[in-house]
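No value in this document is a laboratory result; all are computed from the given coordinates. This structure is a prediction, so every number in the text was calculated from the model and none was measured. Backbone-built Cβ (ideal geometry, glycine too); neighbour counts: all protein chains shown.
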């Protein structure tokens, strides 16, 4: 059995805009798990599958498009790649640029990017520019720079290379299921993912690989839902930072995916998103970043309102790994335990039994610390059972080996 070598060197190469001259700049992206969610399936009466895109090299679906975009940039001899990002694109662009030996720069909205994602871009060597504004401001500046300088812009806006790579989610889904699902749910921020996924299904339909096409269900955060309201949102607000976009760059593509598939783009509250975020981790063992849970939140909302027909096959794209935004996990209901009790202090030395210590040769030929003029005081060590009980009772965050060693030393 051949090992997976990434999208460009896979059987999907024929569907990608690459030639024999195109180098393969890959981190073995793609081929992500399609897990059946037993909990969601039992709850909804449907066959619900989770496409876990957090298993990609930099932890998000962005790697699918970036391998193509950076490979083509390398083919064209690019010396600098640039992107605007809410986090995931910056991490992916920086990683693939590093792989290709190309300098990268990213524009991010100041104070609005999860530190885990920003830390990735920093570690990959990207030049980070924080912009006092929104993602939309960052994208406007990035476009202007690319228009006036020899820079390869790798945002998905107008970038067919990125979108073609992201279409492979649909290809893998069809190959895994043997057909297209009835419904494909996913979060919507900038609109590129729903656009690309729909195009992937259409490509396979045109090629005769599938018969029926799925309905595309996209979900935005209620405080950042321009596609739902039909107009840009000047100050988008949501704790799901990856979809905090007020004016999607791929607006028309997202609308086309919705309309052509007889689908929908709806809104879910942050409360619904975080409920789904917790559910995925606790019921399915899948840790996602908050924005990734928007598709699950939307599905549950439709189910709660009686708008879901049982018996359907439903795929939900989980766009990013929870390790990218660990602060969100800690903010969401984490309570610190009480600190551990300090170890008991040594008893006071007896004034009537003075003692002193000095180094002396022992029978093994090495130095040992010995006491003269009396016995050295001994610090009582708690028993192992007593230590264990204190951990349970206090919920202490302490080093168990250290205390266990103290107990053993006390018995010698």
query: What nm value, rounded to one decimal, do you get for the distance between residue 262 and residue 79 when each label is placed 7 Å out toward the C-beta?
result: 5.5 nm
- line: Quick note, the range 190-302: a/c under 1.5 would make it rounded; otherwise a/b > b/c is prolate and the rest oblate (a ≥ b ≥ c, C-alpha gyration tensor); here it is oblate
- prompt: Does a label point 7 Å from the Cα of residue 252, set along Cα-to-beta-carbon, have any residues of the range 130-159 with amide nitrogen under 11 Å, and which are they?
  reply: 158
query: residue 209 to residue 234: extension gain in nm, 0.36 nm per residue of separation minus the Cα-Cα distance?
result: 4.8 nm
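What order do you get for 96, 201, 12 when you list them from fewest to most C-beta neighbours inside 10 Å? Could the numbers behind the result be given before it?
Values: 96 31, 201 26, 12 21.
In order of increasing Cβ crowding within 10 Å: 12, 201, 96.
How long is the gain from residue 312 to residue 269 if the chain were fully straight, where each residue apart is worth 0.36 nm and the alpha carbon distance is subtracted?
On the way: separation 43, 0.36 × 43 = 15.48 nm, distance 2.50 nm.
Roughly 13.0 nm would be gained on extension.
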statement: A student applying the Cα gyration tensor rule (rounded when a/c is under 1.5; otherwise prolate if a/b is larger than b/c, oblate if not) would label the range 65-160 oblate
